[in-house]
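Please read the structure below before turning to the comments.
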Amino acid sequence: LMSPDAAGQRYQLFSATAMPQATAFLWNKSMLVQLNCRGYATAQFMQPEPAKYAHAPNLEAKTFMQPEQPYYAHHPGRFVYVKDQDSGELWSVPYEPVRKPTASFVFSAGAADICWQLELSDDLRLEWRLTLAPDAPLELWQLRVRNLGTATRRLSLYPYFPVGYMSWMNQGGRYEPALQAVVCSSVTPYQKYPDYFKQKDFKDQTFLLAERAPLAWEANQQQFEGEGGLAAPDGISATMLSNGCADYETPACALQYDVVLSPGATELYRFVFGPARDQAEIAAIRQRFFGPAISAATDGFTAAVQAYRAQQAAITPAIQISTPDSGLDNFVNQWLPRQVYYHGDVNRLTTDPQTRNYLQDHMGMTYLAPDVARTALLTALSQQHQSGEMPDGVLLHMDAQLKYINQVPHTDQCVWLPLFLRAYLDETNDWALLDEQVGYKEVEADASTVTEHLHRAMAWLWQKKDARGLSYIEQGDWCDPMNMVGYKGRGVSGWLSLAAAYALNTWADLCENRGEIQSENRGEIEQAADYRAKAAAFNQAVNSYLWDGQWYGRGITDDDVVFGISKDPEGRIYLNPQSWALLSGAASPAQQQALLQAVDAQLQTPYGVQMLAPAYTAMRDDVGRVTQKFPGSAENGSVYNHAAAFYLYALYQVGEADRAFQVLRQMLPSDDEAEQRQRGQLPVFLPNYYRGAFSQYPRTAGRSSQLLNTGTVHWVYRCLIEQLFGLKGEGKGLRIAPQLPAHWPQATVTRRFRGAVIECSFSRQAGINASQVYLQNQLLSDNLLPEIQSGRIYRLRVLLPL
Ligand code: CEZ
């Protein structure tokens with residue numbers, strides 16, 4: 001059904017129907033495109049807010065990226081109709097809209113391109129490939145047609161790129177012979193005059209630019225489709241497209257090429273598709289990609305393809321692994337760092353990323369591009385309030401505003417600061433970051449050190465608690481839609497109280513480390529003790545009010561009702577408080593064992609661990625809209641991978657290596673084909689969730705959300721590097737403390753660390769009861785590799801007990 005290619009660098013799906021929702025994605029700094037295996041496409045670009053250049057056929061609502069987006073016949077896509085002029089036989093590439101099965105089908109995801117390889121009939125081979133421009137929101141398409149047979153073939157080829165309903169104010173389309181392009185134009189709708197000035201330079205035109213002059217074209221969607229429908233459009237039934245235009249009618253880009261292919265012959269057609277401001281810009285694009293060759297070997301199009309490939313290749317993974325689990329290896333080596341980098345590179349295509357997302361996305365970036373992560377922290381802190389409170393979203397653009405969920409007050413944003421810093425400082429040892437001066441939201445001029453910003457953030461967390469000592473939740477915490485636990489101002493969050501404790505402890509660790517490393521900061525060691533006392537107070541409050549006997553409750557409502565406990569028929573147990581009680585130190589050894597068993601018994605499924613159970617089936621208006629989401633979707637009891645990733649991290653902190661490995665492995669499909677179909681997703685990214693409500697909705701359980709925006713990946717990458725393989729940085733060097741699953745006899749890892757390369761081989765050894773680390777036959781004391789020198793290669797041999 002699916003597998004990596006021989007080199008392990010691409011991932012292939014061999015059916016258009018087995019996993020109809022499966023997708024792969026490409027991005028650059030200004031755009032993201034997610035291609036579905038059947039040819040549908042969802043693309044967005046930034047100007048500066050996310051915008052579309054290929055739309056739904058009707059007026060679309062603007063929203064943030066959603067899970068489980070349905071595809072439908074007229075969904076935007078990138079298709080080529082292929083007609084045999086002699087037999088009249090009709091196919092469409094890659095599968096939609098004609099849906100005619102081909103002799104063979106490969107949907108192949110690469111790091112820098114996505115392509116389909118099809119054999120339409122035994123003797124006609126077709127390749128349809130997308131790359132992006134490295135530096136602009138432009139799709140670069142190549143169609144290669146090859147006659148493998150012994151007879152000459154006479155074909156008509158019709159690239160068909162629907163553009164959809166562009167605007168209720170003004171839309172149309174026509175072929176521009178001078179550009180060799182169908183150009184569809186529109187005016188982004190608005191009503192307030194100031195928007196005119198903001199929008200007048202928008203890229204409101206969508207074009208399909210062809211290298212080779214077409215025989216005919218069609219810019220009018222209705223005329224193209226006619227009465228035949230998309231499976232047999234009238235335009236294609238005719239000998240020639242009608243060279244039509246769209247005047248306040250739905251536009252489309254269709255071109256026609258007639259070709260005579262003798263046996264063995266190949267033809268190549270290349271196109272550029274994307275948005276532009278005006279025809280002058282399209283002319284410049286034509287010149288760049290299809291103008292005079294740059295050199296004998298390279299034209300503009302090829303140069304851009306190569307530049308994009310080089311850009312992607314420059315993302316250097318932090319680890320390369322070789323383990324007994326080849327599926328995991330492939331994902332960790334090829335795809336995971338790419339998804340981590342995507343988040344840090346474009347911030348989920350928003351101009352106001354949620355603060356917690358921004359900080360976690362850059363926690364992941366720490367392992368790939370620490371400079372970018374560093375800048376992100378400073379950007380976030382520059383928007384902190386003087387009170388210490390962090391805003392709900394971080395504005396990344398002059399004109400950006402807090403939108404959607406960022407207009408709802410959530411109380412957890414400060415938590416993520418020390419968590420980011422712990423990862424960043426362990427990895428880079430860049431303690432100078434703490435001395436950087438940064439201003440505040442209210443007064444840019446009132447700058448203070450990063451350390452002071454953190455002290456204020458911790459003070460804010462400490463102060464935002466009730467008389468019981470539990471953290472107020474207001475209209476949500478990490479769980480966005482948990483909006484009615486505390487809207488009256490009294491409700492508290494058990495998870496947040498634990499997260500605050502963990503944040504305070506983490507910051508205490510950092511203060512202490514700093515005091516030890518830098519003698520002028522000795523004072524911080526005393527402060528650390530104070531933070532630890534505060535963390536202990538949070539932990540104690542949670543133990544007093546929220547321990548339910550076998551696990552921790554999720555919170556207490558405005559009306560003093562404890563929820564997420566055994567007497568609740570729905571939402572009886574939540575994952576997050578259990579995970580964070582392991583992290584914060586709230587759970588005693590006995591409590592740890594009890595809550596782990598409760599999670600196993602009530603949340604574990606074959607597709608991963610659910611974030612709550614049983615899923616709510618009706619509104620609980622003292623909990624909020626999370627309970628109104630469809631049972632088993634998103635936060636209402638799905639296998640919400642971000643929550644599973646916290647659990648994963650927590651399991652490693654308490655040394656539960658085998659439980660942890662199971663959680664990790666269940667984020668990816670196994671080798672079982674039925675399970676692969678059930679998840680319905682290629683392992684080229686981790687989705688934000690798989691459907692849960694396993695006992696309530698078994699038919700859909702396991703189904704992927706297909707949404708590639710998720711904080712999951714950063715925690716998973718961190719867990720792999722620092723915990724599973726145990727190659728964790730600290731002030732003095734690299735601490736080696738692996739937690740390989742018991743069933744792995746050996747593994748090897750190459751790790752980039754502070755400019756050095758660490759090559760590490762792990763194997764089991766009888767007769768030892770703790771791991772031993774050798775550097776060139778020399779046993780390292782304390783399993784610490786000290787004084788790492790940039791540019792050096794270190795070869796470590798790690799022996800693990802049987
Ligand atoms: O978004 C995520 C947020 O981006 O949900 C997480 C939260 O921690 C992330 O910061 C858990 O709530 O509004 C909603 O109902 C949804 O909750 C979305 O905001 C949610 C979606 O999964 C989109 O990614």
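The values are calculated or read from the model by the stated rules, or taken from the named source; none is laboratory data. Note that this is a predicted model, so its numbers are computed, not measured. Every residue, glycine among them, receives a Cβ derived from its backbone with ideal geometry; neighbour counts consider all protein chains shown.
Points worth noting:
- Residue within segment 414-436 that is farther than 20 Å from Trp715 by Cα and surrounded by 21 or more Cβ atoms within 10 Å (Cβ to Cβ) present: no
- Of the residues making up segment 170-217, those that are surrounded by fewer than 13 Cβ atoms within 10 Å (Cβ to Cβ) and of a type outside the set (Ser, Thr, Tyr) are Pro177, Ala178, Gln191, Lys192, Pro194, Asp195, Phe197, Lys200, Asp201, Ala213.
- Search result, residues across segment 668-691 that are away from the ligand (no atom under 16 Å from the Cβ) and either touching a helix residue (DSSP H, G or I) at 6+ places or on another chain (Cβ under 8 Å) or of a type in the set (Ser, Thr, Tyr) (or both): Leu668, Pro669, Ser670, Asp671, Pro683, Val684
- The number of residues in segment 709-759 that are within 16 Å of the ligand (Cβ to nearest atom) and of a type in the set (Ser, Thr, Tyr) comes to 2.
- One residue stands out among those in segment 286-328 that are at pLDDT below 95 and among the β-branched types (Val, Ile, Thr): the one that is farthest from Arg718 (Cα to Cα), which is Ile294.
- Test: residue in segment 131-152 that is under 18 Å from Ala231 (Cβ atoms) and small (Gly, Ala, Ser): no
- Scoring Val443 on the criteria (1) modelled with pLDDT of 95 or more; (2) among the aliphatic types (A, V, I, L, M); (3) assigned to a loop (DSSP other than H, G, I, E, B); (4) more than 16 Å from the ligand (Cβ to nearest atom) leaves a single failure, condition (1).
- Restricting segment 359-373 to residues that are in contact with a Ser or Thr (Cβ under 8 Å, 6 or more places away or on another chain) and not hydrophobic (A, V, I, L, M, F, W, C), the residue that is farthest from the ligand (Cβ to nearest atom) is Pro370.
- Members of segment 673-703 found to be outside any loop (DSSP other than H, G, I, E, B) and free of Cβ contacts under 8 Å to residues at least 60 places away in the same chain, listed by number: Ala674
- Of the set (1) closer than 18 Å to Asp477 by Cβ; (2) not in a helix (DSSP H, G or I), all apply to Gln550 but (1).
- Among the candidates Pro324, Pro353, Pro337, Pro317, residue that is over 21 Å from Ala756 (Cβ atoms) and away from the ligand (no atom under 16 Å from the Cβ): Pro324
- Cross-chain or 6+ apart pairs with Cβ under 9 Å, segment 54-80 first and within 16 Å of the ligand (Cβ to nearest atom), then charged (D, E, K, R): Lys62/Glu49; Phe64/Arg348; Phe64/Lys403; Met65/Arg348; Glu68/Arg691; Glu68/Arg703
- Single unsatisfied condition, Ser763 versus (1) assigned to a loop (DSSP other than H, G, I, E, B); (2) of a type outside the set (Asp, Glu); (3) over 26 Å from Ala369 (Cβ atoms): (1)
- So Ser695, is it among the hydroxyl-bearing types (Ser, Thr, Tyr) and touching a Gly at 6+ places or on another chain (Cβ under 8 Å): no
- Residue within segment 485-492 that is within 16 Å of the ligand (Cβ to nearest atom), under 23 Å from Pro614 (Cβ atoms) and part of a strand (DSSP E or B) present: no
- Pair list, Cβ < 6 Å and 6+ apart or interchain, from segment 614-632 residues that are free of Cβ contacts under 8 Å to residues at least 40 places away in the same chain and in a helix (DSSP H, G or I) to residues that are within 12 Å of the ligand (Cβ to nearest atom) and among the hydrophobic types (A, V, I, L, M, F, W, C): none
- Contact annotation: residue pairs with Cβ atoms under 6 Å, 6 or more positions apart or on different chains, pairing a residue in segment 743-754 that is within 20 Å of Ile793 (Cβ to Cβ) and part of a strand (DSSP E or B) with a partner that is of a type in the set (Val, Ile, Thr) and at pLDDT 95 or above, are Ala747/Thr323; Val749/Ile319; Val749/Ile321; Arg751/Ile319; Arg751/Ile758.
- Condition met for Gln706 (away from the ligand (no atom under 16 Å from the Cβ) and either buried (at least 22 other Cβ atoms within 10 Å of the Cβ) or not in a strand (DSSP E or B) (or both)): no
- Test: residue in segment 334-354 that is closer than 16 Å to Ala7 by Cβ and not basic (Lys, Arg): yes
- Residue list for segment 261-280, filter: under 34 Å from the mean Cα position of the chain (by Cα), surrounded by 16 or more Cβ atoms within 10 Å (Cβ to Cβ) and either at positive phi or of a type outside the set (A, V, I, L, M) (or both): Tyr269, Arg270, Phe271, Phe273, Gly274, Pro275
- Whichever residue in segment 624-644 is more than 11 Å from the ligand (Cβ to nearest atom) and touching a Ser or Thr at 6+ places or on another chain (Cβ under 7 Å) and, among such residues, is farthest from Gln739 (Cα to Cα): Pro631
- Looking only at segment 198-218, and only at residues there that are among the aliphatic types (A, V, I, L, M) and in a loop (DSSP other than H, G, I, E, B), the one that is farthest from the chain's Cα centre (by Cα): Leu215
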